[in-house]
Amino acid sequence: FVAQMAWGQEPQANYDESKVGTFTLPDPLLMKNGQRVTTRDGWEKRRAELLALFAEHVYGKTPTQSVRLRFQTLQTDNNALNGRAIRKQVAIFFTDYPKLPPIEVLLYVPKAARQPVPVFLGLNFCGNHCVSTEGDLPLSTRWMSTAVGGEIVNRQNGEPRATEKARGFQARRWPIDTILAHGYAVATAYYGDIEPDHPKGWQSGIRSVLGDTARADNWGAIGAWAWGMSRILDYLQTDPAIDAQRVIGIGHSRIGKAALWAGAQDRRFAAVISNESGEGGAALARRWYGETVERINNSFPHWFCGRYKTYGKQVANLPVDQHELLTLIAPRPLYVASAEGDQWSDPKGEFLGADLTEPVYKLYGKTGIGGAEFPGVNQPVGQTVRYHNRTGKHDVTDYDWQQYIRFADDLVRRDPR
Ligand code: GCU
């Protein structure tokens, strides 16, 4: 950390382990009043403190008012994926805010499995048409980021929109057939339905009607995406095909940050999977390696609350660090995954984040990572908290999904919730 300060204005990304230096992490079990938590009841109080600290200093406060929703099934296909799945498209409308566009949920339910089925719920980066190769899904008509792939976006007439080339563009990251074959449903929605991912995106998303932009703890886009995941869970609770006690929140990268924050706040998520969520996700903020708090706030000023920006040059003063976000998932199963070729996300920092949740899982008689060392590549470790660092780049691969399905089989499917 001291080394980071020496870089001055815009610190370079550090990839040198010998320069990381030492840092002191806040203790998840230490209450603000100095008392140490030793019981589950005590942890409940500390948990509430930590949630409030993450809201005030990192992600912003999620508005607590309940919002009336209307679920409308737009289309059901009882013979999707060559007869293997029931496919539903469901729009979540906001009754009190008729001008807000709906969240459009795409749901695949395996026909061969006995209902209700557990489900993987995760937002996607480029529209529902992007995750599936089925050609009859409507193209999303919303604002599209060109960052995902320039060729799949048309920026000719004003705002960037999806083109036909976007179909199935990220289907490789969503092995729907494999997931269904293991008896899980898949629920997804475009994250831009909740808030388009650019600094002015909030003006057309949920944050245009909820929250208070004048406040330093007003929620950011990550908070909005997390909130959206909970609204999709609201829908899933009404769908008889789904076992709403077994909804596994999953997300990659920025959406992984949102999945963690969603699972931290909303205990209806039975488990959470963070795929390369990095800075502002599973990676320790105080570890000077890869992306930094300063860099993320400069590049993505709309993701976090205003107050988070004040920590760019003084990370040591943050009242929390990211391992404490992960403790908020306890005692539920948590998977943190990194990729060796994604040093920007700081695999070691993500591992440490997961590892440091151990004392909280212990309060519940559970083993988290269980004292394993930072493992070599493609060697998953841990029990209720699991971790792997796979070979390859920043991505979601079949290898990742193999581990997630095994994790869900071991810890979610059989858990008598
Ligand atoms: C950028 C950003 C990361 C983020 C990633 C992504 O690299 O710096 O924090 O996780 O985008 O969402 O793919």
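The values are calculated or read from the model by the stated rules, or taken from the named source; none is laboratory data. Please read these numbers as outputs of a predicted model, since none were measured by experiment. As a convention, Cβ positions derive from the backbone with ideal geometry for all residues, glycine included, and neighbour counts pool all protein chains shown.
So in segment 277-308, with the set limited to residues that are in a helix (DSSP H, G or I) and not small (Gly, Ala, Ser), which one is nearest to the ligand (Cβ to nearest atom)? Write out each step before concluding.
First, pick out the residues of segment 277-308 that are in a helix (DSSP H, G or I): 293-299, 306-308.
When the remaining residues are screened for being not small (Gly, Ala, Ser), the result is 293-298, 307-308.
On the way: Val293: 11, Glu294: 12, Arg295: 7, Ile296: 5, Asn297: 10, Asn298: 10, Arg307: 18, Tyr308: 13 Å.
Filtering segment 277-308 for residues that are in a helix (DSSP H, G or I) and not small (Gly, Ala, Ser), the one nearest to the ligand (Cβ to nearest atom) comes out as Ile296.
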In segment 182-233, anything in contact with a Pro (Cβ under 6 Å, 6 or more places away or on another chain) and acidic (Asp, Glu) is listed as none
Evaluate segment 25-37: report whether one residue or more is over 22 Å from Leu236 (Cα atoms), touching a Pro at 6+ places or on another chain (Cβ under 7 Å) and among the hydrophobic types (A, V, I, L, M, F, W, C). yes
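When you scan segment 250-274, how many residues do you find that are among the polar types (S, T, N, Q) and either modelled with pLDDT under 95 or within 10 Å of the ligand (Cβ to nearest atom) (or both)? Full working, then the answer.
The first filter runs over segment 250-274 and keeps only residues among the polar types (S, T, N, Q), leaving 253, 265, 274.
Going one step further and asking which of them are either modelled with pLDDT under 95 or within 10 Å of the ligand (Cβ to nearest atom) (or both), we end up with 253.
Qualifying residue count, segment 250-274: 1.
For segment 47-89, how many residues meet the condition of being part of a helix (DSSP H, G or I) and among the β-branched types (Val, Ile, Thr)? Break it down into steps so the answer makes sense when it comes.
Keep residues of segment 47-89 that are part of a helix (DSSP H, G or I), which gives 47-59, 80-83.
Filter again for among the β-branched types (Val, Ile, Thr), leaving 58.
Count: 1.
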Extreme residue, modelled with the lowest pLDDT, among residues of segment 5-31 that are assigned to a helix (DSSP H, G or I) and surrounded by 10 or more Cβ atoms within 10 Å (Cβ to Cβ): Met5
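With respect to Ala216, determine if the residue is part of a loop (DSSP other than H, G, I, E, B), touching an Asp or Glu at 6+ places or on another chain (Cβ under 9 Å) and either closer than 20 Å to Ala55 by Cα or β-branched (Val, Ile, Thr) (or both).
Details: part of a loop (DSSP other than H, G, I, E, B): yes; touching an Asp or Glu at 6+ places or on another chain (Cβ under 9 Å): yes; either closer than 20 Å to Ala55 by Cα or β-branched (Val, Ile, Thr) (or both): yes.
Yes: the conditions hold for Ala216.
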Being without any contact (Cβ under 8 Å) to a residue 40 or more places away in the chain, surrounded by fewer than 19 Cβ atoms within 10 Å (Cβ to Cβ) and of a type outside the set (Ser, Thr, Tyr) is the requirement here; does Gly150 meet it? yes
For segment 331-360, which residues satisfy the criterion of being touching a Ser or Thr at 6+ places or on another chain (Cβ under 6 Å) and free of Cβ contacts under 8 Å to residues at least 60 places away in the same chain? Glu340, Pro347
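Just one of Arg172, Arg142, Arg167 is modelled with pLDDT of 95 or more, surrounded by 13 or more Cβ atoms within 10 Å (Cβ to Cβ) and over 21 Å from Ala91 (Cα atoms); which is it? First the steps, then the outcome.
Working: Arg142 fails: over 21 Å from Ala91 (Cα atoms); Arg167 fails: over 21 Å from Ala91 (Cα atoms).
Criteria check complete, one pass: Arg172.
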Mind checking which helices (runs of 4 or more DSSP H) fall wholly inside segment 317-417 and carry at least 2 residues that are within 17 Å of the chain's Cα centre (by Cα) and crowded, with 22+ Cβ neighbours inside 10 Å? 322-327, 347-355, 398-408
